[in-house]
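Data block below; observations after.
Computed from the coordinates by the stated procedures, all read-outs in this text should not be read as laboratory data. These figures come from a predicted structure and were not determined experimentally. Here the Cβ positions follow ideal geometry from the backbone for every residue, glycine too, while neighbour counts run over all protein chains shown.
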Amino acid sequence: MPDWSPNWNDVRWDWGAAEDAIRHLRRAADLLEELTAERERVASEAQREWRGRYREEFDERLREMVRQARSLAGEFREAAGRISQASRRAWEEQRRREIERARWRAELEAEEAAARRGGGGAW
């Protein structure tokens, strides 16, 4: 028997939930960006002839709303990216474990074959 042991446990990761979260976060970011662009378009129509203090207040609030919306959309995309990276790392770790298990089995098989041939070993 090989003198080492692979990790026999599979990686615990909910692939479906991760994909759902990624899809929903990206969809929310897209929607937020679309709605923000539409608000800017509608606001520009109102701003054409508008003057004075209330226009300046409106412009400032609009800029802040746009900044916050774009920031939030960016955060949604970053979160989706982090989940995607975590999924990739989980997949890579699972693959590494499977390769190690196969290597362990091959070593065991080679040792058993050597023992059957009378090659000594631990048997």
Reviewing [x] 54, 35, 23; [y] 45, 29, 28; [z] 98, 18, 16, the figure for Cα extents along the principal axes in Å actually calculated from this model sits under [z]
Rank Gly74, Gly16, Gly52 by mean-square fluctuation in a GNM of the chain with C-alpha springs under 10 angstrom and give only the top-ranked residue.
Gly52
Low-density loop GluC sites (Glu not before Pro), the range 1-69, at most 16 other Cβ within 10 Å, DSSP non-H/G/I/E/B, are Glu49
16 Å reach of a label modelled at Arg95, 7 Å along Cα-to-Cβ, counting backbone N of the range 1-33
11
When Ser87, Ser71 are ordered from fewest to most other Cβ atoms inside 10 Å of their Cβ, what list results?
Ser71, Ser87
Could you give the Stokes-Einstein D for the range 15-84 in µm² per second, using the C-alpha Kirkwood radius, 20 °C, 1.002 mPa s?
158
Within 12 Å, Cβ to Cβ, of Gln85, how many net charges do the neighbouring residues add up to if Lys/Arg are +1 and Asp/Glu are -1?
+1
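Mean residue ellipticity at 222 nm from the helices of the chain, using -39,500 (n - 2.57) per DSSP H segment of n ≥ 4 over the full residue count, to the nearest 500 deg cm²/dmol?
Helices in the chain give a 222 nm mean residue ellipticity of -29500 deg cm²/dmol.
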